[in-house]
Amino acid sequence: MPELPEVETVARGLREALPGRRILDVRLGKTDFIENPAAIEEQLPGKQIRAVKRHGKFLLLELASANTDEAAHELVLLIHLGMTGQIVTCPPEAPVPLHTHVFLALDDGKELRYTDIRRFGSMQLLVDGARAKALQSLGADPLEMTEAQFKAAVGARRARVKALLLDQHVMSGMGNIYTDEALWRARIHPMRIGATLKRDEMARLYRAVRDVLTEAIRLRGSSVSDYVDSKGQRGEFQLRHRVYQRDGKKCFRCGATIRRAIVAGRSSHFCPKCQRAPRKVKA
């Protein structure tokens, strides 16, 4: 599933291509992942894309009416890429991949296309105050949190640190890849309880989360499955993974064998030597 670095990479690419562009036409294929597809077909044509933003794992296209006589409304197209979603800009004559379900014709002659094999993504049009309501349950962006905010979010809870980092209500944007990688960098076992982390461990984890996300964004994300950026190009951070999906291989740091366990219902990869398990936990 695309996580914060992948969604941010897509957002940055779309920011180069979309602001100022006007949507001329909308064509939809399968719509079971779209909330109220009729509203998208009816309201998007003629709208201008003002800005592209990201909130956690969500993309937001802020729209405005090209007709200055219309009453001003906040209008946002909210997109979640799910597990296999891809959104790209391309010429209309470019080959259309299977499972491409949304086509937005733009006034520069290009198309914005959304492709999703499994259709676990989502798309909805938010009007006026609906944006705040749709995003209100999400936690803060980990790249925007201060160390004190991070400590309050993670260190005050008696839950596995892996579960806390994955919980979108605690912080928005982290997923399995970058949680495993950050915990390895911080030398913290995924089964540790957040409230038991010492001050230096919490500081290491805070820095590790920020560093791994920043580095992954610089390398345009991890292409371990279907992810590509807004130009259809693969990311490179998968070449820097140190534990994720490396079970049975040697730890880059100490040479011990990377192990895999289920933590918080998710597959977790860690080094049993570098990341000591908490007492009474076999891993």
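Between Ser65 and Arg266, how high is the FRET efficiency from 1/(1 + (r/R0)^6) when r is the Cβ-Cβ distance and R₀ = 45 Å? Nearest 0.05.
Details: r = 43 Å, r/R0 = 0.95.
That gives a FRET efficiency of 0.55.
Under a model in which nothing but the beta-carbon of Lys, Arg (+1) and Asp, Glu (-1) is charged, the range 1-108 shows a dipole of about 260 debye around its Cα centre. Students often get this wrong, so try it: which of [x] 20.5, 68; [y] 23.0, 80; [z] 19.0, 56 is Rg and Dmax of the Cα atoms in Å as calculated from the structure shown? Read-out taken from this structure: [x]. Multiplying the residue separation of Ala195 and Arg118 by 0.36 nm and removing their Cα-Cα distance gives an extension gain of 24.0 nm. Taking the DSSP beta bridges with both ends in the chain, the antiparallel portion is around 95 percent.
In loop segments of the range 74-142 as defined by DSSP, the GluC sites (Glu not before Pro) with at most 14 further C-beta atoms inside 10 Å of their C-beta are Glu74, Glu93. Between the Cα long axis of helix 4-17 and the first principal axis of the chain there is an angle of about 30°, rounded to the nearest 10.
Restricting the trypsin sites (Lys or Arg not before Pro) of the range 220-260 to loop positions (DSSP other than H, G, I, E, B) with no more than 15 neighbouring Cβ atoms within 10 Å leaves Lys231, Arg234, Lys249, Arg253.
If you run the Gaussian network model on the chain, springs between alpha carbon atoms under 10 Å, then out of Ser267, Ser222, Ser122 the most flexible one is Ser267. Relative contact order of the range 147-270: 24 percent, from C-alpha pairs under 8 Å at least 6 residues apart in sequence.
Distance between the 7 Å Cα→Cβ label points at Thr146 and Glu74: 2.5 nm. Seen against the Cα atoms of the chain and their longest principal axis, helix 199-218 is set at about 40 degrees. Relative to the longest principal axis of the Cα atoms of the chain, the long axis of helix 176-186 makes an angle of roughly 40 degrees. At full extension, Arg207 and Arg22 could sit 62.5 nm farther apart than now, given 0.36 nm per residue minus the alpha carbon distance. Site pair Lys30 and Cys254 shows an inter-label distance of 4.6 nm when each label is modelled 7 Å from Cα along Cα→Cβ. The loop-placed trypsin sites (Lys or Arg not before Pro) in the range 77-168, going by DSSP, that have at most 13 neighbouring Cβ atoms within 10 Å of their Cβ come out as Arg118, Arg158.
Read-outs throughout are calculated quantities, based only on the coordinates presented, and are distinct from any laboratory measurement. These figures come from a predicted structure and were not determined experimentally. As a convention, Cβ positions derive from the backbone with ideal geometry for all residues, glycine included, and neighbour counts pool all protein chains shown.
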